[in-house]
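Taking it in order: structure first as C-alpha cells, then the write-up.
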Amino acid sequence: MMNIQRCAEEFKQQFTHSEYRLFFAPGRINLIGEHTDYNGGHVFPCAITFGTYALAQKTSGNIIRVYSMNFPEKGIIEFPLTELDYRTEDEWANYPKGVIRYLIEEGYNITTGMDILFYGNIPNGAGLSSSASIEILTGVVAESLFALPIQRIDLIEIGKKVENNFIGVNSGIMDQFAIGMGKKDHGILLDCQTLTYDYAPIVLKDHNIIIMNTNKRRELTDSGYNERREQCEKALVALQTKLPITSLGDLTNEMFEENKELIPSPIWQKRAKHAVYENSRTLQALAALQQGDLTKFGMLMNASHISLRDDYEVTGIELDVLVETAWHHPGVIGARMTGAGFGGCAIAIVEKAQIDHFIEHIGTVYQNKIGYATTCYIASIGDGAREITGGL
C-alpha cells in the first residue's frame with residue numbers, strides 16, 4: 001500500500017506547493033488469452049490492486065512538470081503545452097506527454113500546465129502494464145482537473161494510440177481496456193475486434209492468484225513482439241486467399257486445421273495456430289468460470305502456457321522454470337506466463353494453505369536454476385482507474 005504521507009511530502013518538496021488531488025490506475029494481469037488481442041480474438045484480463053498513483057494539480061502557466069518517485073534520479077521533467085513531441089531523453093515521461101498531446105489534438109481543452117507526481121508499486125518491466133497504467137492515469141488526471149467530457153472508451157483508445165504511434169510499440173488494446181474498465185473481483189472477457197465485453201465474477205474462495213516475477217527486464221520495443229505480430233499478419237493474408245475472414249480471431253480450431261496448408265511458412269503456421277487455439281481457450285475459460293469450474297480453468301491456463309512456449313515461442317527459460325515448477329507443486333490449480341513474454345511475470349492459482357510453501361519452493365528452484373531471485377506477490381482483483389476522494 002502506498003504511503004500517501006510520504007508522497008505528499010515529496011510532492012511539496014518537488015513542486016513547492018502542497019495542494020493536490022489523488023488518483024490511481026491499476027496494473028493488470030491477463031488470466032488467459034495471450035497475443036490474441038491484436039489478432040482479433042478475445043482476452044480475459046483483470047485489474048489488480050498494484051498500480052500507479054498520481055498526486056496532481058493545475059498550475060497557472062503552460063508548463064507540464066512531471067516527477068516519478070520510481071525514477072528520482074531523473075528529477076522533474078518539464079515540457080510546455082506547445083512542445084509535446086517524443087524525446088528519447090525524456091524516457092518514462094513520454095507516456096504522460098503522449099496522452100496530453102493526443103487529448104489536445106482531439107479537441108479537449110487543456111488550458112494550463114500541471115504538476116504531477118507519479119508513484120507506482122508495479123515492478124518496472126514486469127509485464128503488468130506499468131506503461132498503460134501511466135497512460136490511463138494521466139488521462140484520468142486531465143479529465144478530472146479540466147472537467148473534460150471524455151468517455152472512458154475514448155480515453156482507452158488514446159492510451160493505445162500513445163503506445164502504438166508515440167512510443168512505437170505495436171500492441172493491442174487489452175492493457176488500457178483492463179486498466180480503464182477493471183471491476184473488483186471480476187475478470188473482463190473482451191472481444192478485441194468489436195470491443196464488446198462481459199464481466200465475469202472470479203470466485204476463488206480457498207485460492208489466491210500468485211504473481212511470479214522473473215525479474216528479467218523486458219522492453220517490448222526491443223523484443224520479438226513486433227516480429228510475432230508481423231508473422232501473424234502474413235499468415236492471415238495467406239488464409240484470406242481462400243477464406244472470407246478479417247482476422248485470425250474469426251477462425252475456429254477446425255477451420256484452421258482444414259486450411260493451415262495455405263500458410264507457406266511452418267513458422268507462420270505455428271504463430272497462427274497459437275492465436276486461433278488461444279482464442280478458443282479464452283471462450284472456454286469464461287464458460288468454466290461461469291460454472292465455477294476452477295479445475296477446468298486451470299487446465300486451460302496450462303495449455304495456454306504450452307502453446308506460448310512451443311508455438312508462439314515467447315516464454316524463455318525464466319518463465320518456463322517458474323511455470324513448470326508451479327505445475328508440480330501441491331495445491332496449484334494452473335499456471336502460465338502472463339503478458340507479452342520475453343521475461344516479465346507468470347501467474348498461478350494456488351490453494352491458500354499451500355501459499356507459503358509454494359513461494360518458498362518456487363524461490364529456491366528459481367534461484368538454483370536461473371542464478372538470481374524471483375519475487376512473488378499475492379494479487380487481488382481491483383477496480384479500474386479513478387480519482388481517490390475518500391482516502392486510501
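With Cα atoms defining each centre, the range 98-172 and the range 313-377 are spaced 32 Å apart in the structure.
Taken one residue at a time, the phi angles of the range 165-172 give Karplus couplings (6.51, -1.76, 1.60, θ = phi - 60°) of 9, 8, 8, x, 9, 8, 8, x Hz. Gly and Pro are set to x. Within the range 1-36, name every residue whose backbone N is under 13 Å away from a label modeled 7 Å from Cα of Gln291 along the Cβ vector. What the label zone holds, given the 13 Å backbone N cut-off, is no residue at all.
With semi-axes defined as the square roots of five times the eigenvalues of the C-alpha gyration tensor, the equivalent ellipsoid of the range 56-193 measures 23, 18, 14 Å, largest first.
Relative to the Cα centre, the charge distribution of the range 202-379, modelled as +1 at Lys and Arg Cβ and -1 at Asp and Glu Cβ, gives a dipole magnitude of about 160 debye. Other residues with beta-carbon under 15 Å from the beta-carbon of Asn109 carry, at +1 per Lys or Arg and -1 per Asp or Glu, a net charge of -2.
Once the cut-off is 24 Å, how many percent of the Cα-Cα pairs in the range 202-379 end up in the long-distance tail? Can you show the working numbers first?
Values: 6736 of 15753 pairs.
Everything past 24 Å amounts to 43 percent.
For Lys205, the lysines whose Cα comes closer than 17 Å to its Cα, not counting residues fewer than 8 places off in the same chain, are Lys184, Lys296, Lys352.
If the segment from Arg21 to Lys369 were pulled out straight at 0.36 nm per residue, it would be longer than the present Cα-Cα gap by 120.7 nm.
Just add up the charged neighbours of Leu81: K/R +1, D/E -1, any other residue whose Cβ is under 14 Å from the Cβ of Leu81.
Details: positive: Lys58, Arg65, Lys97, Arg101; negative: Glu78, Glu83, Asp85, Glu105, Asp115.
Charge balance in the 14 Å sphere: -1.
Looking at the range 53-106, the trypsin sites (Lys or Arg not before Pro) that sit in a DSSP loop and have at most 13 other Cβ atoms within 10 Å of their own Cβ are Arg87. Would you work out which of Pro45, Gln13, Gln57 lies farthest towards the positive end of the dipole of the chain? Charges go on Cβ: Lys and Arg +1, Asp and Glu -1. Result: Gln13, furthest along the dipole toward the positive end.
What you get for the chain, charging only the Cβ of Lys and Arg (+1) and of Asp and Glu (-1), is a dipole of about 340 debye around the Cα centre.
Taking only C-alpha pairs under 8 Å that are 6+ residues apart, what is the relative contact order of the chain in percent? Answer for the chain is 24 percent. Within the shell of other residues whose beta carbon sits under 15 angstrom from the beta carbon of Gly331, the net charge comes to -2, with Lys and Arg scored +1 and Asp and Glu -1. Distance between the C-alpha centres of the range 1-61 and the range 223-253: 34 Å, rounded to the whole angstrom. Under the simplified labelling scheme, the Ile317-Ser144 pair shows an inter-label distance of 4.5 nm, with each label point 7 Å from Cα along Cα→Cβ.
Straight-line cross-link partners of Lys97 among the lysines, defined as a Cα under 26 Å from its Cα and at least 8 positions apart when in the same chain: Lys12, Lys58, Lys74, Lys160, Lys161. Geometric descriptor of the chain, per residue, is 143 Å³ (volume of the convex hull of the Cα atoms).
Bear in mind these aren't lab numbers, they're just calculated from the coordinates by the rules spelled out. What you are looking at is a predicted structure, and each value in this text was computed from that prediction instead of being measured. All Cβ positions, glycine included, derive from the backbone under ideal geometry; neighbour counts span all protein chains shown.
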